[in-house]
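Accompanying notes for the structure given below.
Each reported figure results from applying straightforward, stated rules to the coordinates on display, with no laboratory input. Treat the numbers as computed from the prediction; the structure is a model and nothing was measured. Methodologically, a virtual Cβ is constructed for each residue, glycine included, from the backbone with ideal geometry; neighbour enumeration extends over all protein chains shown.
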Amino acid sequence: MRAIMGAILPALLIAGCQQAGRPPVIRYGEDACAHCRMIINEPPYASAVETAEGEIRKYDDFNCMFRDSERSRPRRYWVHDYGKPDRWLDGMKTFYVRADALQTPMGSRTLAVATREEAERKAQQLQGKVYTFEQIRRMFLPKESSTPKYTGGKGLCTNGCLHR
Ligand SMILES: [Zn+2]
């Protein structure tokens, strides 16, 4: 018991000072995606990372999060549980479903749920496919030749996203 307290107390003190390791707070309709700069509006697809430096970066869709991760080098990923979008999940332990029927802000067509069972169920409903963190991350990492970039104004969406 003493050993456990010894481990927890310093962690609490550090968390109190830096606010590191705490779940991010997204202000819908106000915060902008760190990758595409669109306003974040849809909780089920909103996500965030904590970088190695402790910076919180927020996103409006999964593809933005993974494409940005090349630069941000996250040490933590937060994603929302699709069925309970006020609940954060550890993005690295989450299961993902990608389905053409899903309309997401930047066209990732992806959702996240806590368990593989739930993911299988959603995949069946939506005629989609289940992915682990590593699989979905690799799918959205920028390809050398076609890295989407925010250029401002027109020509913003280069990856079939739904923003106008
Ligand atoms: Zn975005």
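A compact table of results
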| read-out | value |
| --- | --- |
| Cβ-based exposure ranking for 61, 90, in which fewest neighbours within 10 Å come first | 90, 61 |
| Inter-site label distance for residue 37 and residue 124 at 7 Å from Cα along Cβ, in nm | 4.5 |
| Neighbourhood net charge (12 Å Cβ-Cβ; Lys/Arg +1, Asp/Glu -1) for residue 55 | +3 |
| For 38, 139, order by how many other beta-carbon atoms lie within 10 Å, fewest first | 139, 38 |
| Fewest-first ranking of 64, 36, using other Cβ atoms within 10 Å as the exposure measure | 36, 64 |
| Rounded if a/c under 1.5, otherwise prolate or oblate - segment 81-123, Cα gyration tensor axes | oblate |
